[in-house]
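Engineer: Structure in structure tokens, see below.
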Amino acid sequence: MGIFSINKKKYATLKIKKEEGIVKKEEPSITESGLWMKCPSCGNIIYKKDVKKNQMRCPNCDNYFKMSGQQRLDLLIDKNTFEEYDTNLSTKDPLNFPKYTEKLENAKKKTKLTEGVISGIGKMFDKDVSIAIMDFSFLGGSMGTVVGEKITRAIERGIEKNIPVIVVATSGGARMHEGILSLMQMAKTSAALDRLRNKGIPFISIPVDPTTGGVTASFAMLGDINISEPKALIGFAGPRVIEQTIKQKLPEGFQLSEFVLECGMLDIIAKREELKETVYRVLDNLFEL
């Protein structure tokens with residue numbers, strides 16, 4: 001496997017690559033219409049099919065684009081081994097929030113998902129793992145009651161079956177449409193992880209671009225090992241809000257994964273094509289799968 005970046009203070013025994021030159025985060029996107037797109041990093045016009053074939057990366061400059069939950073699943077889990085759970089859970093509108101039901105239906109039609117997370121059991125290099133993968137395209141990956149419940153159940157399956165738990169987080173934070181009920185998911189998922197840790201079962205958290213708000217403040221930063229991709233935005237509030245609050249200029253690259261790694265909140269930065277093998281090596285070497 002290739003070299004990856006790692007928190008040197010905690011895991012000096014693993015091979016290290018220090019990323020040079022952190023740049024400001026630009027928002028890469030890929031639209032459904034048309035055959036071509038402009039890469040926001042290198043400025044080249046690229047063929048969308050080439051981006052998809054290249055694991056949602058620019059074939060010219062290796063700029064990372066967002067992946068769907070299904071694409072993440074295909075990246076991390078052995079082919080034809082995934083069994084999805086909890087597809088019967090459906091989101092309610094407990095506060096009668098204006099147009100919330102309409103937003104949910106539009107998100108379902110657009111993404112072909114029932115909610116903002118896919119969860120179940122699959123194999124990683126022929127070893128069983130319980131996995132939950134958030135999808136940012138579903139209402140910004142926001143965490144409401146169903147998202148929190150599905151992640152909690154994924155953790156509980158790890159306890160029940162004595163297998164590692166992996167959660168890929170990408171989210172704008174709690175879902176305001178459900179008020180305090182959405183914020184309660186932070187405590188629920190964190191409590192489930194405490195039960196998992198008491199059983200000695202490993203939890204690998206993979207916060208990817210972007211992971212913010214209450215998701216960052218809870219389970220996304222509670223991994224036994226926290227792993228991310230290059231230049232992923234990871235933080236609680238946005239840089240503009242923080243600057244206005246503390247009345248200070250933030251450093252270059254603030255909240256990108258390289259900065260978060262240096263601050264000790266991440267353990268490893270792995271390239272996308274090496275992510276699956278990196279996760280497996282960590283589980284195999286540190287937790288003896």
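Since every read-out is calculated from the coordinates, none of them should be taken as a lab result. Here the structure is a predicted model, which is why all the values come from computation and not from measurement. All Cβ positions, glycine included, derive from the backbone under ideal geometry; neighbour counts span all protein chains shown.
Engineer: Top mean-square fluctuation among I206, I163, I155, Gaussian network model of the chain, C-alpha springs under 10 Å?
Structural biologist: Ranking I206, I163, I155 by mean-square fluctuation puts I163 first.
Engineer: Which net charge results when you count Lys and Arg as +1 and Asp and Glu as -1 among the other residues whose beta-carbon is under 14 Å from that of Y280?
Structural biologist: -4
Engineer: Quick one: what are the phi-derived ³J(HN,Hα) couplings along the stretch 258-269, Karplus 6.51/-1.76/1.60 with θ = phi - 60°, whole Hz, x for glycine and proline?
Structural biologist: Result, ordered by residue: 5, 5, 5, 4, 5, 7, x, 8, 10, 9, 9, 10 Hz.
Engineer: Hey, another quick one. Suppose only helical runs count, i.e. DSSP H with n ≥ 4. What mean residue ellipticity at 222 nm does that imply for the chain under -39500 (n - 2.57) per run, divided by all residues and rounded to the nearest 500 deg cm²/dmol?
Structural biologist: Using -39500 (n - 2.57) per qualifying helix, the result is -9500 deg cm²/dmol.
Engineer: Answer rounded, prolate or oblate for the stretch 131-228, using the Cα gyration tensor with square roots of eigenvalues a ≥ b ≥ c: rounded when a/c is under 1.5, else prolate when a/b is larger than b/c, else oblate.
Structural biologist: Prolate, because a/c is 1.5 or more and a/b exceeds b/c.
Engineer: For the chain, list log₁₀ I(q)/I(0) at each q in 0.07, 0.13, 0.15, 0.16 Å⁻¹, using the Debye formula over Cα point scatterers of equal strength and ignoring solvent, two decimals each.
Structural biologist: Cα-only, vacuum Debye calculation for the chain: -0.25, -0.91, -1.24, -1.41.
Engineer: Pick from G43, G34, G200: which is most flexible by mean-square fluctuation in a GNM of the chain where alpha carbon atoms under 10 Å apart are linked?
Structural biologist: Per the Cα network of the chain with a 10 Å cutoff, G34 tops the list.
Engineer: For I206, what charge total do you get from the other residues with a beta carbon under 10 Å from its beta carbon, if Lys and Arg give +1 and Asp and Glu give -1?
Structural biologist: 0
Engineer: Mean projection of the alpha-carbon convex hull of the stretch 147-289 over all orientations, in nm²?
Structural biologist: 9.1 nm²
Engineer: Hey, for a label at N198 modelled as a point 7 Å past Cα toward Cβ, could you say which residues of the stretch 144-180 have their backbone N under 19 Å away?
Structural biologist: 152-165, by backbone N distance to the label point.
Engineer: Further question on the same structure: Just to confirm a number: summing +1 for Lys and Arg and -1 for Asp and Glu over residues other than T87 whose beta-carbon lies under 11 angstrom from that of T87, what do you get?
Structural biologist: -3
Engineer: Shifting gears a bit: Once you have the Cα-Cα distance between E105 and I159, take 0.36 nm times their residue separation minus that, and quote the gain in nm to one decimal.
Structural biologist: Contour length minus the Cα-Cα distance gives 16.1 nm.
Engineer: Mean-square fluctuation check for the chain, GNM, Cα pairs under 10 Å: which of N80, N162, N106 is largest?
Structural biologist: N80
Engineer: Counting Lys and Arg as +1 and Asp and Glu as -1, each charge on the Cβ, what is the dipole of the chain about the Cα centre in debye, to the nearest 20?
Structural biologist: Here the size comes out at about 360 debye.
Engineer: As an exercise, find the ratio Rg/Rh for the stretch 49-104 from alpha-carbon atoms, using the Kirkwood inverse-distance average for Rh.
Structural biologist: 1.17
Engineer: Still on this structure: Quick query: amide H of M67 versus all other amide H atoms, modeled in the peptide plane; which residues come in under 5 Å with a sequence gap of 5 or more or a different chain?
Structural biologist: Excluding prolines and chain starts, which carry no amide H, there are no hits.
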